[in-house]
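Single-structure report; data block below.
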Amino acid sequence: MTLNDLKIAVVGLGYVGLPLAVEFGKKRPVVGFDISETRIAELRSGRDHTLETDSDALKAARFLSFTTAVDDLRGCTCFIVTVPTPIDEHKNPDLTPLLKASETVGKVLKRGDIVIYESTVYPGCTEDDCVPVLENFSGLKFNQDFFCGYSPERINPGDKEHRVTTIKKVTSGSTPEIADLVDALYNEIISAGTHKASSIKVAEAAKVIENTQRDLNIALINELALIFNKMGIDTEAVLQAAGSKWNFLPFRPGLVGGHCIGVDPYYLTHKAQSIGYHPEIILAGRRLNDSMGAYVVAQLVKAMTKRRLHVDGARILVMGLAFKENCPDLRNTRVVDIVAELEDYNCQVDVFDPWASTQEAQHEYGITPVNQPEPEAYDGIILAVAHRQFGEMGVEAIRKFGRPGHVLYDLKYLFPAHASDLRL
């Protein structure tokens, strides 16, 4: 099979799949497949609720079509799987979406076809978990009748500078020839270039350690913040001073959520434990980062108590629900840890986020964000996400939501130290 023979299907049109399908759809025929009829109807109307693409970009992808029908995939020869790989309530990898997508592809797989996975997994998952599903549903033999590749996603939701085309892409294939073909395919759209890994397992491992490294670095800064808070030292001031050295890494403390950093390390630790190794450092970082919501609430409660504000029945405003600033992505947001902890103290919590979908917040977390906070209504205010709207409001306007004597906790260093009562 040559590059010209590849007829692409992108399976899964979320934050990862849609931008990829759009870029390929500017150059060659692409079938964008998703199991959600609502999602497909939205995209056909020229709208993307994730805000990763806009109507102009969708129009520019003139070779891109959308479908929920599996039969529409039968004419494709290259299937790129971009479905979520979450964790379950026990922090174990949940491969259900990935294996279901593999079943779908397996039903339409033909001799000579290529299946490329972009979903974040542990090393070995493509060949050990996905390939058997493809073989079972297609009746074909791996590396004889069909082939695989792995090119991990590097999407950064809400980032308008680092886009799918401007981030260097790791590629790999199940044979040297397929590796070359997969690499050439991605080079059609990736202006930043590619890095061809020596094997699928190497590419899988490279992806999972990218976010594990970030997770551990943030865990270190979070632990430093806990230490400095006990010492009465402003953490941001320390980090600014240390950052004056050229090789100091600019991490900041905070909640660690989202679809990658708070999830991917568990894929690696799961695999490590399955081969008999207990990864102490990675899991210690995960435990610390997962505990930050409770720590934030403990600090707030302590400050309120010092001001003789009744915690039981107090009204608290949490500003921000998305896992990061300036995007609507609620996946694995750890702001919900703050909300749950406050509710354990019998506080009445209002969540305000101009980016978040009310329907999604209700469906995923049982939280109904308020359209607008009430003036002079809250005993405590937590700036949990640094949305630009909050910065534009200014601290004085935010303070007006609070009652006299309220506590303002600036979790994201959105304002100068003197403007808030607490900082992480």
Tell me which residues, restricted to region 22-71, are farther than 21 Å from ASN156 by Cα, touching a Gly at 6+ places or on another chain (Cβ under 6 Å) and surrounded by fewer than 16 Cβ atoms within 10 Å (Cβ to Cβ).
PHE63
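Residue-wise test of (1) open to solvent by 10 Å² or more (accessible area, probe 1.4 Å); (2) among the hydrophobic types (A, V, I, L, M, F, W, C); (3) closer than 19 Å to VAL22 by Cβ.
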residue: GLU135; (1), (2), (3): yes, no, no
residue: LYS141; (1), (2), (3): yes, no, no
residue: ARG154; (1), (2), (3): yes, no, yes
residue: LYS160; (1), (2), (3): yes, no, yes
residue: THR166; (1), (2), (3): yes, no, yes
residue: LYS169; (1), (2), (3): no, no, yes
residue: LEU181; (1), (2), (3): yes, yes, no
Part of a strand (DSSP E or B) and not charged (D, E, K, R) - does that describe any residue in region 285-308?
no
Go through (1) closer than 18 Å to ASP337 by Cβ; (2) not in a loop (DSSP other than H, G, I, E, B) one by one and return the number of the condition VAL256 breaks.
(2)
What do you reckon, is LYS207 under 30 Å from PRO253 (Cβ atoms), touching a residue at least 60 places away in the same chain (Cβ under 8 Å) and touching an Asp or Glu at 6+ places or on another chain (Cβ under 9 Å)?
yes
So VAL202, is it open to solvent by 30 Å² or more (accessible area, probe 1.4 Å) and among the β-branched types (Val, Ile, Thr):
yes
Filtered residues of region 128-144 (kept if in a helix (DSSP H, G or I), more than 10 Å from LYS107 (Cβ to Cβ) and not hydrophobic (A, V, I, L, M, F, W, C))
ASP128, ASP129, PRO132, GLU135, ASN136
LEU268 passes all but one of the listed conditions (1) outside any helix (DSSP H, G or I); (2) at pLDDT 95 or above; (3) aliphatic (A, V, I, L, M); the exception is number (1)
When you look at LEU330, is it in a loop (DSSP other than H, G, I, E, B) and either open to solvent by less than 20 Å² (accessible area, probe 1.4 Å) or within 21 Å of ASN217 (Cα to Cα) (or both), yes or no?
yes
Quick check on region 99-123: of everything there that is β-branched (Val, Ile, Thr) and farther than 14 Å from PRO86 by Cα, which residue is surrounded by the fewest Cβ atoms within 10 Å (Cβ to Cβ)?
VAL108
In region 217-233, is there at least one residue being closer than 28 Å to ASP94 by Cα, over 17 Å from the mean Cα position of the chain (by Cα), surrounded by 13 or more Cβ atoms within 10 Å (Cβ to Cβ) and small (Gly, Ala, Ser)?
yes
Top-ranked residue in region 273-321 [being of a type in the set (D, E, K, R) and over 30 Å from THR212 (Cα atoms); ranked as least open to solvent (accessible area, probe 1.4 Å)]
ARG315
So if I check each of ILE209, ILE190, which one is in a loop (DSSP other than H, G, I, E, B) and over 17 Å from TYR413 (Cβ atoms)?
ILE190
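The values are calculated or read from the model by the stated rules, or taken from the named source; none is laboratory data. These numbers come from a predicted model, not from an experiment. Positions of Cβ are backbone-derived with ideal geometry, glycine not excepted, and every protein chain shown enters the neighbour counts. With ligands, DNA and RNA removed, areas are computed over all heavy atoms of the protein, side chains included. Shrake-Rupley method; radii C 1.70, N 1.55, O 1.52, S 1.80 Å.
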